[in-house]
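Undergrad: After the structure tokens below, expect a handful of questions from me.
The values are calculated or read from the model by the stated rules, or taken from the named source; none is laboratory data. If you're wondering where the values come from, they're calculated on a predicted model, not measured in any experiment. Reconstructed Cβ throughout: ideal geometry from the backbone, glycine too, with neighbour counts over all protein chains shown. Accessible surface is based on the protein model in full, side chains and every heavy atom, while ligands, DNA and RNA are left aside. Shrake-Rupley method; radii C 1.70, N 1.55, O 1.52, S 1.80 Å.
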Amino acid sequence: MSNNSILVVGGGFAGITAALEAAEVGYEVYIVETNPYLGGRVAQLNQYFPKLCPPSCGLEIQFQRIKNNPKVKVLTMASVASVSGSAGDYDVKITQRPRHVNERCTACGDCEKAATTTVASEFDFGVGKRKVAYKTHPFMFPMRYVVDADNASDSELAAIKDACKYDAVDLDEQPKSIDLKVGAIVVATGWKPYDIAKLTNLGGGKVPNVVTNMQFERLAAPNGPTGGKILRPSDGAEPKRIAFVQCAGSRDQNHLNYCSYICCMASLKHVRYIRERSDANVTVYYIDLRTPGRYDKFKAITEADDKLSLVKGKVAAIVDDGTGNPVVTVENAVTGIKTDEKYDLVVLATGMEPSIAGLKVPAGAVDADGFVIDGNGIIAAGCAKQPFDVMKTAQSGTAAAMKAIKTVVGR
């Protein structure tokens with residue numbers, strides 16, 4: 001007798017889509033997500049293309065579907081500890097970290113007011129701060145606070161607990177171990193921005209006014225650390241000259257061998273963000289501007305900006321001029337002229353690396369780049385499979401659900 005439940009590892013757009021498609025035709029599905037919220041990287045975006053909708057727009061519908069479907073069971077702050085068995089009959093051990101906030105939470109925010117310690121916000125990629133009692137973003141799902149007990153003192157924890165009039169703070173909560181029996185596993189573990197500390201020649205992590213494309217996304221987001229104003233991290237000034245460096249770590253044998261598919265589109269979208277907010281001069285340094293298929297139109301509209309320069313050329317180095325301005329050394333591939341250009345802010349279009357690259361794979365096998373390979377009841381979806389945009393991620397989630405159902409039915 002094969003087991004008819006399906007495990008989805010990762011609660012980003014691909015995982016949510018796969019889970020809902022399977023649950024809505026009658027299968028029991030478990031979503032295991034390491035973050036305190038569902039929505040993955042999409043939740044961290046200001047807007048996604050081509051229509052430039054805010055992420056709450058696409059995610060809100062999915063969250064509603066999850067709320068209305070008792071067949072979807074969500075485990076946040078959880079990860080897969082081990083998998084044994086084979087297609088149709090897997091035994092999975094899940095470890096769940098304590099949230100220290102139970103279901104009685106109404107997200108009133110009194111715990112956050114009582115907290116005093118602040119730490120760098122993971123949700124804002126370190127460009128913002130959060131308190132030790134926090135909610136990552138306004139449309140967080142599940143809508144429940146998190147208490148980061150590791151970074152708070154005992155007296156602060158006591159104050160946080162006392163502030164909650166719903167008795168929702170549980171400081172005694174311990175890590176839990178959960179055993180599941182499932183017939184198929186969808187691996188939708190998503191992507192992480194390539195580590196800029198490895199891009200030493202581009203000032204990665206050393207030059208304060210060099211940020212990643214995802215940090216820039218948070219600076220442009222109304223729920224981000226600057227309330228949607230694009231400001232330099234070093235002094236909070238509004239940049240008047242901004243450069244984008246494409247393929248930062250992608251298409252590079254020393255870093256990521258592949259094209260990350262969507263970074264060119266992300267930078268063109270960022271040019272639109274800038275234009276909505278200021279009349280700054282923008283230069284994009286690229287190897288090839290890749291706007292796949294239907295995105296050509298987006299590129300054409302963005303290119304029509306007279307304060308935008310697109311320069312075909314490889315950036316060799318970025319250094320600080322001593323006063324916080326990044327200086328970009330670049331060779332123009334068309335003219336062959338090498339120049340040093342000074343900017344107020346530089347955005348590195350860092351590539352998409354599979355989230356599990358360099359880590360133990362929750363299930364199945366990976367290729368040389370860290371992308372998950374399908375096999376034996378284990379199905380990859382979204383950016384765990386290859387770099388995708390949101391639309392293709394959703395499509396791959398649906399495809400993964402079909403394969404998972406086929407596995408548990410045993411056809």
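Undergrad: Please compute the modelled spin-label separation between residue 153 and residue 119, points set 7 Å along Cα→Cβ, answer in nm with one decimal.
TA: Placing both labels 7 Å along Cα→Cβ, they lie 1.7 nm apart.
Undergrad: Students often check this: by mean Cβ neighbours within 10 Å, which of 121-134, 89-102 ranks highest, and how do the rest follow?
TA: So the peptides 121-134, 89-102, ranked by packing, come out 121-134, 89-102.
Undergrad: Same structure, new question: Given q = 0.12, 0.29 Å⁻¹, what are the Debye log10 I(q)/I(0) values for the stretch 103-160, with equal point scatterers placed on the Cα positions and solvent ignored?
TA: Cα-only, vacuum Debye calculation for the stretch 103-160: -0.26, -1.28.
Undergrad: So for the pair residue 84, residue 365, with labels modelled 7 Å out along Cα→Cβ, what separation do we get in nm?
TA: 2.2 nm
Undergrad: Oh, and also: Distance from the Cα centre of the stretch 339-400 to that of the stretch 296-320, in angstrom?
TA: 25 Å
Undergrad: For the chain, which cysteines have no second Cys with its Cβ under 4.7 Å from theirs?
TA: For the chain, the answer is 105, 108, 111, 164, 247, 259, 263, 264, 383, because their Cβ atoms have no other cysteine Cβ under 4.7 Å.
Undergrad: I'd like to verify something in the chain: which complete DSSP H helices, judged by Cα projection on the helix axis, reach 20 Å or more and average at least 0.0 on the Kyte-Doolittle scale?
TA: Passing helices, by number: 390-409.
Undergrad: Provide the net charge surrounding residue 314, with neighbours chosen by a C-beta distance below 14 Å and charges set as Lys +1, Arg +1, Asp -1, Glu -1.
TA: In short, -1.
Undergrad: Calculate the FRET efficiency for residue 104 and residue 391 from the Cβ-Cβ distance with a Förster distance of 25 Å, rounded to the nearest 0.05.
TA: For R0 = 25 Å, the calculated efficiency reads 0.05.
Undergrad: Over the chain, calculate the relative contact order: mean separation of alpha carbon pairs under 8 Å at least 6 apart, over the residue count, as a percent.
TA: Relative contact order comes out at 20 percent.
Undergrad: Near the amide H of residue 320, under 5 Å away, which other amide H atoms are found, from residues 5 or more places off or on another chain, if H is placed in the peptide plane?
TA: 327
Undergrad: If we count every other residue with Cβ under 14 angstrom of residue 162's Cβ, Lys/Arg +1 and Asp/Glu -1, where does the sum land?
TA: -3
Undergrad: How much FRET efficiency would the formula 1/(1 + (r/R0)^6) give for residue 278 and residue 93, where r is the Cβ-Cβ distance and R0 is 56 Å, rounded to 0.05?
TA: 0.65
Undergrad: In whole percent, what relative contact order does the stretch 240-363 give with Cα contacts below 8 Å and a gap of six or more residues?
TA: 32 percent
Undergrad: Oh, and also: If each DSSP helix of 4+ residues adds -39,500 (n - 2.57) and the sum is divided by the residues in the chain, what number results at 222 nm, nearest 500 deg cm²/dmol?
TA: Per the formula, -6500 deg cm²/dmol.
Undergrad: Continuing with the same structure: Excluding residue 192 itself, calculate the net charge of residues whose Cβ lies under 9 Å from the Cβ of residue 192, where each Lys or Arg counts +1 and each Asp or Glu counts -1.
TA: The answer is -1.
Undergrad: Here is a follow-up. When the accessible area of the chain is computed with all protein chains present and a 1.4 Å probe, what percentage of it is carbon and sulfur?
TA: With neighbouring chains kept in place, the figure for the chain is 52 percent.
Undergrad: Evaluate E = 1/(1 + (r/R0)^6) for residue 301 and residue 165, where r is the Cβ-Cβ distance and R0 equals 56 Å; express this FRET efficiency to the nearest 0.05.
TA: 0.65
Undergrad: Work out how much length residue 332 to residue 179 would gain on full extension: take 0.36 nm times their residue separation and subtract the Cα-Cα distance, in nm to one decimal.
TA: Using 0.36 nm per residue and subtracting the Cα-Cα distance, I get 49.4 nm.
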